[in-house]
Structures are given as structure tokens and as C-alpha cells.
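Q: Handing you a structure now.
The values are calculated or read from the model by the stated rules, or taken from the named source; none is laboratory data. The structure presented is a predicted model; accordingly, all values stated were derived computationally and were not measured. Positions of Cβ are generated from backbone atoms using ideal geometry, with glycine treated the same way; all protein chains shown enter the neighbour counts.
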Amino acid sequence: MEKAFGDIPADLKSRLLSAAVPTISAVLFKKGFNSRFFAGLQPLSEKASRFCGPAWTVRAIPVREDLRAKIASGELPSLNRLAFDAAPAGSVLVCSTGGHPDVAVMGDIMTTSLMVRGVAGAVVDTGVSDANLIAQMAFPLVCTGSAPVSSFAKVMVADHGLPIGIGDVAVFPGDIIVGDPNGAVCIPRDIADAVADAAVEQEALEAFILARVQSGAPLEGTYPPNAETLAAYRAWRATQTAQ
């Protein structure tokens, strides 16, 4: 049986979803990747659920008026709709326009289409139309906010399934996108396992440190942890993994 687009092993997805985006971003930074967080883009809803999936990339360019007119008249197909329709179940749609927060590449109808087809989420560098309605949907969307103006005012989709740049983040098709209420981050596929392992361990370490700070421990020597704190953590961690 043919695998789904960019199939992510269930265990890998579970580990990535168990870690907060700031933790994953910190792990990536330690590994030399300091441009993986989608800065300037925020979850449309504060209640946004965590999501994880392979990147389905869509690229938009400045609009050309004659082509826009032909799309409007039906002489040419809308690559916007075709690219969004092609997003596979489980993927995360990532659309780059060069950054246009004053227009929307999608609204509530396109969002509904993605949601019912099982797309895991979307990251776009524009605003969205019908933001109040989308914010109530069970669909994670990271964007610049509300912008009830058609993207055709400034941009048009040119292609999909190619490497794109969105903000300062290079996204290749199949890269793993992880999002939560903090925003979204892009993980190169070939280091995803190592990132997931490190992120899970970092979450455990930070939970241990937080408990110590809540108990009155000083920051000095606790955060970041010195040798004594790390030794205490390892002893505690051993009791957790043994259970």
C-alpha cells in the first residue's frame, strides 16, 4: 500500500506533539538552526490545538492583472484553489506570499475545505478573511490576523510542492511543521528524530527545574542547571523512567 504524503511515524509525531514549540525551537537552536520559528505569525485562536504534519508548500507571487482577469472570467483555472485542494490529509499547508498581512489567502470556506479533508493545519504569511468564524473552528491556523481583503488584490498562487521561503524560514516539501498556542516551527525531516528525543528530554528537565524554583530554589545554579542540579535531575529522571 502506498504511503501517504510525507508519512510521519506515529511515535515520532507523538513525541513532537508532547513538546512545546518553544522547547523544540530551543533544541533546534542548540543544533545550529536559528531560523526555524515562524516569527511574526500567530495562532488565530488562543485555544489553538497542537498540530504536526509534513509541509505542503504553496508559493504565491505578485499578481499580474491580465491573468487575474482571466481567472475571474473562468478562462484560466485558479491555482490558489487547485493548490489548496491538493493538500493531502495529515499535511500542514504552508503558503508563502512574500508577506502580505493586509490581504487574505483563505477564509472560512477554504478553511472548512481543508478541515473536512483532514489537513492538520495551515501556516500562511497573510491575514485571513472571516477570522472570527475561523477562530471558532477546530482547525489550527497560524497567520498574521484578520484581513478581509482578497489576496488577488496583491498576490496570486503560482505553484505548489516546491521549496519556499516564508519570513526567514526555508520550508521544503515534507519538512515537519509543529504548532501549538505559541506559534509554529519547521523541522528539517532528516533531524526530526534527534530533535524529538532532545525536546522530550528538555521538557522533563524543565519540569524538574520549575518544581525546584516553585519550592524556593534560587535561579543561580538551578536555571541553567549546574552540575549538582543536573545530578539531582538524573536521579529523579531514573525514578520516572523506571515506573
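Q: Would you pick out the residues in the stretch 171-218 that are of a type in the set (S, T, N, Q), in contact with a helix residue (DSSP H, G or I) (Cβ under 6 Å, 6 or more places away or on another chain) and either surrounded by fewer than 17 Cβ atoms within 10 Å (Cβ to Cβ) or not assigned by TED's automatic domain parsing to the domain that holds Ala26 (or both)?
A: Gln202
Q: Whether any residue in the stretch 95-112 is over 15 Å from Ala184 (Cα atoms), touching a residue at least 60 places away in the same chain (Cβ under 8 Å) and not in a helix (DSSP H, G or I) is what I want to check. It would help to see each step written out before you state the result.
A: Of all residues in the stretch 95-112, those over 15 Å from Ala184 (Cα atoms) come to 97-112.
Add one more test, that the residue is touching a residue at least 60 places away in the same chain (Cβ under 8 Å), and what stays is 99.
Imposing the further condition that a residue be not in a helix (DSSP H, G or I) reduces the set to 99.
Checking the stretch 95-112: at least one residue is over 15 Å from Ala184 (Cα atoms), touching a residue at least 60 places away in the same chain (Cβ under 8 Å) and not in a helix (DSSP H, G or I).
Q: Would you point out the residue of the stretch 174-227, among those that are on the phi > 0 side of the Ramachandran plot and free of Cβ contacts under 8 Å to residues at least 40 places away in the same chain, that is nearest to the chain's Cα centre (by Cα)?
A: Out of the qualifying residues, it is Gly221.
Q: Now, a different point. May I ask you to list pairs of residues, at least six apart or on different chains, whose Cβ atoms are under 8 Å apart, with the first in the stretch 67-89 being over 15 Å from Val116 (Cα atoms) and the second being in a loop (DSSP other than H, G, I, E, B)?
A: Sorted first by the residue in the stretch 67-89, then by its partner, the pairs are Leu67/Leu76; Lys70/Leu76; Ile71/Pro77; Ile71/Ser78; Asn80/Val105.
Q: List the number of the failed condition for Asp168; all other conditions in (1) at pLDDT 95 or above; (2) surrounded by fewer than 24 Cβ atoms within 10 Å (Cβ to Cβ) hold.
A: (1)
Q: Condition test on Thr57, is it assigned by TED's automatic domain parsing to the domain that holds Leu162, among the hydroxyl-bearing types (Ser, Thr, Tyr) and part of a helix (DSSP H, G or I)? Let's see the steps before the verdict.
A: Values: assigned by TED's automatic domain parsing to the domain that holds Leu162: yes; among the hydroxyl-bearing types (Ser, Thr, Tyr): yes; part of a helix (DSSP H, G or I): no.
It is false that Thr57 is assigned by TED's automatic domain parsing to the domain that holds Leu162, among the hydroxyl-bearing types (Ser, Thr, Tyr) and part of a helix (DSSP H, G or I).
Q: Ok, one more. For the stretch 54-101: of the residues being of a type in the set (A, V, I, L, M, F, W, C) and in contact with a Gly (Cβ under 7 Å, 6 or more places away or on another chain), which is surrounded by the most Cβ atoms within 10 Å (Cβ to Cβ)? Full working, then the answer.
A: Filtering the stretch 54-101 for residues of a type in the set (A, V, I, L, M, F, W, C) gives 55-56, 58, 60-61, 63, 67, 69, 71-72, 76, 79, 82-84, 86-87, 89, 92-95.
After this cut, where a residue has to be in contact with a Gly (Cβ under 7 Å, 6 or more places away or on another chain) as well, the list is 55, 89, 92.
Values: Ala55: 25, Ala89: 12, Val92: 29.
Out of the qualifying residues, it is Val92.
Q: Further, regarding this structure: Is it the case that the stretch 171-194 has a residue that's farther than 24 Å from Pro101 by Cβ, in a helix (DSSP H, G or I) and in contact with a Ser or Thr (Cβ under 9 Å, 6 or more places away or on another chain)?
A: no
Q: Could you tell me which residue of the stretch 1-26 is modelled with the lowest pLDDT, considering only residues that are surrounded by 13 or more Cβ atoms within 10 Å (Cβ to Cβ) and among the small types (Gly, Ala, Ser)?
A: Ala4
Q: Could you go through the stretch 129-137 and let me know if any residue there is under 20 Å from Pro9 (Cα atoms) and part of a helix (DSSP H, G or I).
A: No, the stretch 129-137 contains no residue that is under 20 Å from Pro9 (Cα atoms) and part of a helix (DSSP H, G or I).
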